[in-house]
1. Name, by its number, the condition in (1) closer than 27 Å to ASN320 by Cβ; (2) at pLDDT 95 or above; (3) not small (Gly, Ala, Ser) that does not hold for LYS367.
2. Specify the residue that is surrounded by the fewest Cβ atoms within 10 Å (Cβ to Cβ); the eligible residues are those in region 422-437 that are in contact with a Ser or Thr (Cβ under 8 Å, 6 or more places away or on another chain) and under 19 Å from GLU273 (Cβ atoms).
3. Taking into account only those residues within region 204-221 that are closer than 17 Å to PHE232 by Cα and not in a helix (DSSP H, G or I), which is farthest from the ligand (Cβ to nearest atom)?
4. Free of Cβ contacts under 8 Å to residues at least 60 places away in the same chain, out of contact with any Leu (no Cβ under 9 Å at 6 or more places or on another chain) and over 21 Å from ALA171 (Cβ atoms): is that true of ALA50 in this structure?
5. Would you confirm, using the coordinates I've provided, whether ILE180 is in contact with a His (Cβ under 9 Å, 6 or more places away or on another chain), more than 20 Å from SER461 (Cα to Cα) and either of a type in the set (Phe, Trp, Tyr) or within 16 Å of the ligand (Cβ to nearest atom) (or both)?
6. Given ALA166, ALA171, which one is under 22 Å from MET225 (Cα atoms), more than 10 Å from the ligand (Cβ to nearest atom) and in contact (Cβ under 8 Å) with a residue 12 or more places away in the chain?
7. Can you pull out the residues in region 318-340 that are surrounded by fewer than 20 Cβ atoms within 10 Å (Cβ to Cβ) and of a type in the set (Phe, Trp, Tyr)?
8. Name the residue, out of SER478, SER425, SER461, that is within 16 Å of the ligand (Cβ to nearest atom) and either in contact (Cβ under 8 Å) with a residue 40 or more places away in the chain or among the β-branched types (Val, Ile, Thr) (or both).
Amino acid sequence: MAANRTNSFIQTKLFINNEYVDAKSSETLSVYNPDDESLVAEGIQVAGEADVDAAVDAAAAAFKGPWSKWTGVQRAAVMQKMADLIEKHANEIAPLETKAMGMPLNVALFCVKMTADIFRYYAGWTDKIAGEQFPADDGVYKIVQYEPLGVCAGIGAWNASTLFFAFKTAAAVATGNTTIYKGSEKSPLGVLALGALAKEAGFPPGVVNIVTGDGRTGAMLASHMKINKISFTGSAFAGKKVQELSAKSNLKRVTLELGGKSPSIIFEDADIENALTHHSSNFLFNTGQACIASSRTFVHESIAPKFIEALKVRFETASNGIGVPMEPTTFFGPLADKKQFDRVMEFLEIGKKEAELITGGQRKGTKGFYVQPTIFLNPAEDARIYREEIFGPVIALKTFKTEDEVVEMANDTSYGLSSCVFTTSISRALRVASKLEAGAVNINTSHVFGLGVPFGGKKQSGLGREAGRAGIMAYLESKTVLINMAV
Ligand code: TXE
């Protein structure tokens, strides 16, 4: 267990009822550093059926007990305290992400700060969920009130573990629900560490519970009869399984934040320097492991040769900037683990047969899961690198002639998460934005997250929204009260 002693924040047990407790299941998992495949932590306990039941029972007791009597102001106070504690311990939490999935430390610190901001944002909503009243013009006085759902579950991925925890847990507790959260088996440590902070912040036992496990534990949550809502971030494949189990069990409410193959369109009048930045350092953020990454880029043919040559230089510079993720100056690290590395390497070989390789296409170095930032040019419409989410530092780039043509190409995908438009014409930007089938359209920017606005995808990129008012209402249900005014 030597590897676990490097950081007092490393927890290997389950967090249930405000305590780290041993799992009833005997299964454990280990986490390895994708920089050098060294052991980060072992003996991380996996939740089985009995453990999930224990977490659900704790959440149900808390919901029926003290938590449902807390006022919005009281919930806000404990959430603000949670945010303060997350920020206070950012330097202990961020390395847990970096060591587990290779997120560069400066990126991990940014994500931990945003995790705190999400708790602050949702704390602002706790006493602002107004109902509605309708006049008794037909003799019936009508009131619409919004009520919490009860026990909610959250499942997150590895590419921004503590963010996914916050998007799901903060919205749930802000509205008076209780939660069980399962992080990814690839990066369970940062999320598990937040359990102790929830207790210190003052959440009553059972309000915030955290379990670890892989898809099997996730399936136990999705099919649990006493969980009333589940929110999932991950692949479309797993997301559909979650929805299937949710329907087959108790028709629990479902929010899905899934993958993407987001288009980015660069028109001939775009600010080229700005477009280059967004298609290099911004795209390569988190080594391209971001659901909103614009991995399908469309460049007007009149500027394509110049743009592609300049982007090639940016990618090769980024490749030289690859470093050990724990170094504060590192911008660009390894992929999350061997499974992701093998997946991306397979796509690189597929891409060499489907398109022209402009730069990259190889493993970077001889240790760890590093890959060269890669640009493929003009894949066919049915190319796998053009159709499938690769989830790595790999762009599929095509040229186009007309606005109508490129909008059609941009929309020709089963996903609909995000999109970008680079042009100096605001009328063209808004005209194209109105036609793009995506949950978000970034104009002359990319990778923008606004906590006050809804985030989520159309088509197979998801179901429902997180953040903003939509994110809070996803944890409430309306009840209409009708009063006969004639008696
Ligand atoms: O995702 P999974 P993985 C995409 C991306 C990536 C691919 C695989 O293309 O390469 O998915 O990544 C839990 N029932 N995205 O393997 O399997 C699992 O334990 C319930 C994009 O990490 O979806 C983990 O906690 N839960 C995405 C979470 O789902 C299940 C981010 C994600 O794991 C489950 C991540 C099941 N049947 C991956 N199977 C984004 N939108 O950013 C797995 N899980």
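1. LYS367 satisfies every listed condition except (2).
2. ALA429
3. Only one residue tops the list, namely VAL208.
4. It is true that ALA50 is free of Cβ contacts under 8 Å to residues at least 60 places away in the same chain, out of contact with any Leu (no Cβ under 9 Å at 6 or more places or on another chain) and over 21 Å from ALA171 (Cβ atoms).
5. yes
6. Unique residue meeting the criteria: ALA171.
7. Residue satisfying the conditions is PHE331 alone.
8. Working: SER478 fails: within 16 Å of the ligand (Cβ to nearest atom); SER425 fails: within 16 Å of the ligand (Cβ to nearest atom).
Step by step, each of SER478, SER425, SER461 is checked, and only SER461 is within 16 Å of the ligand (Cβ to nearest atom) and either in contact (Cβ under 8 Å) with a residue 40 or more places away in the chain or among the β-branched types (Val, Ile, Thr) (or both).
The values are calculated or read from the model by the stated rules, or taken from the named source; none is laboratory data. Bear in mind that the values here come from a model prediction, so they are computed numbers and not experimental data. Counting neighbours? That spans all protein chains shown, and the Cβs are built from the backbone with ideal geometry, glycine included.
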